Amino acid sequence: MGWDFNLLFDLIKTAFGWWYIIIPAVILGTIVGAVPGFNAANTLILLLPLTLSMKVELAMVFMASLYCATQLGGGIPAILVNIPGTGGAAATTLDGYMMAKNGKAQQALVCCFASSVFGGLITSIAVVLALPLLVKLSFYIRSVEMVVVMLFGLTLIAVIATEDMLKGLIAGFFGLLIGAVGADQIFSTPRATFGFLELYEGVPLVPALIGLFAISEALAMIDKPTILTEEGKARAGKARWADTIEGLVISMREWWLITWTAFVGLIIGIIPGAGASIAAFVAYQQARTFSKTPELFGTGIPQGVLAPESSNNGVTSGTLVPLMAIGVPGGSTAAVMMVVLQYQGIVLGPRLFIQNPELAYGVFISMVVAYIFMIPTILPLARYLSKVTLIPTQYLAPLIIGFTIVGSFAPREYIFDMGLALAFGIIGYVARKTGYHVTAILIGVILGPIFERYLMRALRISQGDIMVLFSSTVGNVLWAMLVLSLLLPYFRQHRMRRKRLS
Amino acid sequence: MTADLDKGKARRQAIGADLVIPVLAVAFTIYYFSTIWELGWEAKANGLAIGTILLLLVGILLARMVLQVKRGEATLAMDRLLKPLESQGRRLGLIGAIVAFIVVLPWLGLTLTIFCFMCATMLVLGVRKPLPLLTTALAVAAGGYVGFIVVLNTRFPHGPVENILARIFG
């Protein structure tokens with residue numbers, strides 16, 4: 001396709017003119033993303049009466065902007081109180097919360113905002129420039145390749161369990177088994193549901209996330225007057241604009257990390273069914289693998305915030321690629337957008353780019369503009385948001401539980417889910433106190449069912465032949481990369497040890 | 001001599017609490033296996049593989065713990081979970097408040113339940129000044145009402161507060 005620069009310029013100009021739609025959508029998206037239990041998909045469903053009545057271009061701009069902002073918003077509570085607002089921000093807690101505890105909440109928030117904006121921005125631009133190529137990519141990645149992509153995410157269990165590998169693996173496999181609850185993929189027979197109909201679709205992610213992170217954290221934090229360390233208390237009390245600038249400088253220095261992890265997110269986002277949580281875990285794991293200081297991951301370093309946040313925003317652009325290009329929604333949010341487009345009589349697919357390029361490319365251009373608007377809207381808030389860490393735990397713990405237990409009800413509207421969140425909260429609390437990583441449990445709960453789905457699909461196609469997993473070129477390249485990323489840290493450690501000895 | 005013994009005891013790690021998650025994991029695995037035993041291979045392959053590895057890992061952990069206790073490096077005390085003791089009452093109070101929240105929600109409705117929950121938990125955690133206690137609880141309850149009932153129109157149970165406000169505002 002030849003490039004029509006006049007059209008591109010017009011689209012950019014028009015998108016900037018829709019600031020009155022984009023800015024409220026960005027603010028609403030950030031708030032929604034920060035509240036566990038709410039995400040772009042369920043908010044857009046609630047707002048369908050509004051978006052269906054809007055002009056289709058405006059509705060798409062509103063929905064795309066809100067979607068981008070929810071990914072950014074999810075990182076805020078992950079950093080401040082160790083509670084990921086969305087599944088995609090779960091990996092952010094690993095280093096973000098540690099930075100907050102050390103009194104560097106402001107820097108962590110700025111890193112989160114900057115990497116989200118930059119990651120989202122470059123992937124949106126990349127999508128506009130290379131859309132036909134990216135569509136082809138989604139045809140090459142099928143269930144066989146997805147099994148390997150899932151394994152990339154699952155290896156993070158071993159990575160974060162470096163302190164006590166055995167306990168980490170027990171936590172991870174416990175999570176995987178919890179993730180295998182519910183009707184199986186082929187015959188829909190219930191497994192380990194304890195007789196609860198509410199568990200037939202599997203363990204719902206939001207109550208698990210809220211319990212493992214929010215409730216367990218609230219139960220654990222009451223041992224101390226604030227969540228901050230002594231050193232962190234002194235630093236957080238003196239939050240200045242200089243800290244915001246420091247966060248920006250750190251982010252700019254790590255531009256290459258942000259760039260390649262954003263593309264990891266973009267590629268995973270293009271694959272229908274994959275999502276931000278997988279992308280964030282994979283990006284975190286890969287960032288650690290290729291880091292010069294992998295041992296510092298998990299102790300509160302900016303790279304541990306930049307990688308997952310950049311990646312989960314890369315997913316937002318990727319999810320819309322199969323929707324616009326072949327009419328297949330890449331995720332639940334894209335599915336809601338498809339409802340709006342179909343209601344307006346828009347036929348999705350390759351023809352859309354010829355018949356209605358203003359709409360097809362306009363969505364991605366509006367994402368670019370939304371990210372640009374996020375900089376002045378969200379960035380200055382870091383200084384004030386970081387004050388949350390100073391709230392005494394006797395107020396903070398009830399606030400966290402109050403908001404999140406209500407959030408666990410919101411997605412499915414079952415009171416049962418609140419009880420489930422409490423059960424996960426107690427498991428999470430025991431896990432925290434006894435050195436079993438809650439993130440390892442969550443990775444299992446999130447990735448377990450998706451892994452099983454792709455594995456079963458691949459095995460079904462091959463009639464049970466396990467060798468199907470090594471039958472495609474792309475898959476084999478991914479296998480090689482997986483093995484390489486697992487061996488690389490050991491080779492590096494070995495080389496460093498030899499260097500030290502000599 | 002007694003002082004040396006005490007020192008040795010103090011140096012020994014209390015690892016009894018480390019057994020809670022593995023015990024839960026083993027119990028859940030056994031239950032999981034009991035529910036999939038008669039299913040087709042496609043339905044049980046994944047769970048069977050994960051569960052077997054989990055049992056194996058727990059076995060290794062148990063062996064490690066037995067060796068630690070045998071060597072005198074650890075005890076089976078539950079200190080990690082039970083200490084500091086003074087926080088346990090407050091923690092149980094929080095858990096009790098969450099249970100009460102879930103139980104009374106269908107009768108009291110969202111707004112009143114949140115208000116009572118916030119007051120109860122802050123009292124449990126030692127907030128005694130009535131002004132911050134009531135204003136915080138009121139603000140959270142009002143936020144919950146506006147956010148979840150008015151704006152998002154979720155299906156949270158309605159109670160006396162929601163009914164009165166619905167009558168006032170139509």
Filtered residues of the stretch B:117-154 (kept if hydrophobic (A, V, I, L, M, F, W, C) and part of a loop (DSSP other than H, G, I, E, B)): B:Leu125, B:Val127, B:Leu152
Restricting the stretch A:419-476 to residues that are on the phi > 0 side of the Ramachandran plot and within 9 Å of chain B (Cβ to nearest Cβ), the residue that is nearest to the chain's Cα centre (by Cα): A:Gly435
Take the residues in the stretch B:15-32 that are without any contact (Cβ under 8 Å) to a residue 40 or more places away in the chain and facing chain A (nearest Cβ under 9 Å), then tell me which one is surrounded by the fewest Cβ atoms within 10 Å (Cβ to Cβ). B:Tyr31
For A:Ser310, which of the numbered conditions (1) buried (at least 17 other Cβ atoms within 10 Å of the Cβ); (2) over 28 Å from A:Trp256 (Cβ atoms) fails to hold? (2)
For the stretch A:271-358, which fully contained helices (runs of 4 or more DSSP H) count at least 1 residues that are at pLDDT 80 or above and aliphatic (A, V, I, L, M)? A:276-289, A:303-326, A:332-343
Among the residues of the stretch A:154-161, is any at pLDDT 85 or above and surrounded by fewer than 21 Cβ atoms within 10 Å (Cβ to Cβ)? no
Among the residues that make up the stretch B:77-99, is at least one of them facing chain A (nearest Cβ under 9 Å) and touching a Lys or Arg at 6+ places or on another chain (Cβ under 7 Å)? yes
Test result for A:Phe416, more than 7 Å from chain B (Cβ to nearest Cβ) and more than 29 Å from A:Gln107 (Cβ to Cβ): yes
Among (1) of a type outside the set (A, V, I, L, M, F, W, C); (2) more than 30 Å from A:Ile427 (Cβ to Cβ); (3) part of a loop (DSSP other than H, G, I, E, B), A:Thr226 falls short only on (2)
Test set (1) at positive phi; (2) within 21 Å of the chain's Cα centre (by Cα); (3) not β-branched (Val, Ile, Thr) - A:Glu413 fails condition number: (2)
Between A:Ala236, A:Ala242, A:Ala208, which is part of a helix (DSSP H, G or I), within 30 Å of A:Phe113 (Cβ to Cβ), more than 10 Å from chain B (Cβ to nearest Cβ) and modelled with pLDDT of 90 or more? A:Ala208
Residues of the stretch B:38-61 classified as within 8 Å of chain A (Cβ to nearest Cβ) and hydroxyl-bearing (Ser, Thr, Tyr), total: 0
Anything in the stretch A:172-186 that is at the interface with another protein chain (Cβ under 7 Å from one of its Cβ atoms) and assigned to a helix (DSSP H, G or I)? List them, or say none. A:Phe173, A:Phe174, A:Leu176, A:Leu177
Take the residues in the stretch B:64-76 that are closer than 21 Å to A:Lys433 by Cα and either among the aromatic types (Phe, Trp, Tyr) or assigned to a helix (DSSP H, G or I) (or both), then tell me which one is nearest to the other protein chains (Cβ to nearest Cβ). B:Arg64
Restricting to the stretch A:375-406, count the residues that are at the interface with chain B (Cβ under 9 Å from one of its Cβ atoms) and either more than 24 Å from A:Glu231 (Cα to Cα) or of a type in the set (A, V, I, L, M) (or both). 8
Pull up the stretch B:100-112, narrow it to residues that are at the interface with chain A (Cβ under 9 Å from one of its Cβ atoms) and touching a residue at least 40 places away in the same chain (Cβ under 8 Å), then point me to the one that is surrounded by the fewest Cβ atoms within 10 Å (Cβ to Cβ). B:Pro106
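The values are calculated or read from the model by the stated rules, or taken from the named source; none is laboratory data. Fair warning: this is a prediction, and the values are worked out from it, not measured in the lab. Counting neighbours? That spans all protein chains shown, and the Cβs are built from the backbone with ideal geometry, glycine included.
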